[in-house]
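Everything below concerns the one structure shown next.
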Amino acid sequence: MALYEHVFLARQDLSQSQVDALAAAATEIVEKNDGKVTKTETWGLKNLAYKIDRNRKAHFVMLNIEGPGSLVAELERQNRLNEDVIRWLTIAVEEQESGPSVMMRKNDRDRKRRGGDS
């Protein structure tokens, strides 16, 4: 089985529960196409470097996926049809990270830095 990291950006005006529903829908697509999602991370609402479809911010979500290449084609086709997903990127990886991703570790480090200066 091939390994992939799939990151998508959802519109800024969605609630967290709607973003979670998008991640669940993506997981469902993966499982219907003989794959499995090994990890799901929600990175939160972040500023974008430039406006995308009148959005200055977006909800970032990452999925670690194991499955065939046809699964990626179907997942990206569904993203294209969904108006709530404004960008996505899927890359093939040699191995998937165990534990939290770099983005999640960065968030933890920033929280400790802000809280530890008191």
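The values are calculated or read from the model by the stated rules, or taken from the named source; none is laboratory data. Here the structure is a predicted model, which means the values were calculated and not measured. FYI the Cβ positions are ideal-geometry reconstructions off the backbone, even for glycines, and counts take in every protein chain you see.
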Of the criteria (1) buried (at least 16 other Cβ atoms within 10 Å of the Cβ); (2) touching a residue at least 60 places away in the same chain (Cβ under 8 Å); (3) part of a strand (DSSP E or B); (4) not aliphatic (A, V, I, L, M), which one Gly44 fails: (1)
Unmet requirement for Ala58, which otherwise passes all of (1) modelled with pLDDT of 95 or more; (2) over 13 Å from the mean Cα position of the chain (by Cα): (2)
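Residue-by-condition table, conditions (1) part of a strand (DSSP E or B); (2) acidic (Asp, Glu); (3) touching a Phe, Trp or Tyr at 6+ places or on another chain (Cβ under 7 Å):
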| position | (1), (2), (3) |
| --- | --- |
| Asp13 | no, yes, no |
| Ser17 | no, no, no |
| Asp34 | no, yes, no |
| Val37 | yes, no, no |
| Ala49 | yes, no, no |
| Phe60 | yes, no, yes |
| Val72 | no, no, yes |
| Gln78 | no, no, no |
| Pro100 | no, no, no |
The listed residue being touching a helix residue (DSSP H, G or I) at 6+ places or on another chain (Cβ under 6 Å) and in a helix (DSSP H, G or I), out of Ile29, Ile65: Ile29
Failed item in (1) closer than 21 Å to Arg105 by Cα; (2) assigned to a strand (DSSP E or B), with Ala23 passing the rest: (2)
Count of residues meeting criterion [farther than 16 Å from Met1 by Cα, more than 16 Å from the chain's Cα centre (by Cα) and of a type in the set (Asp, Glu)] in the stretch 84-109: 1
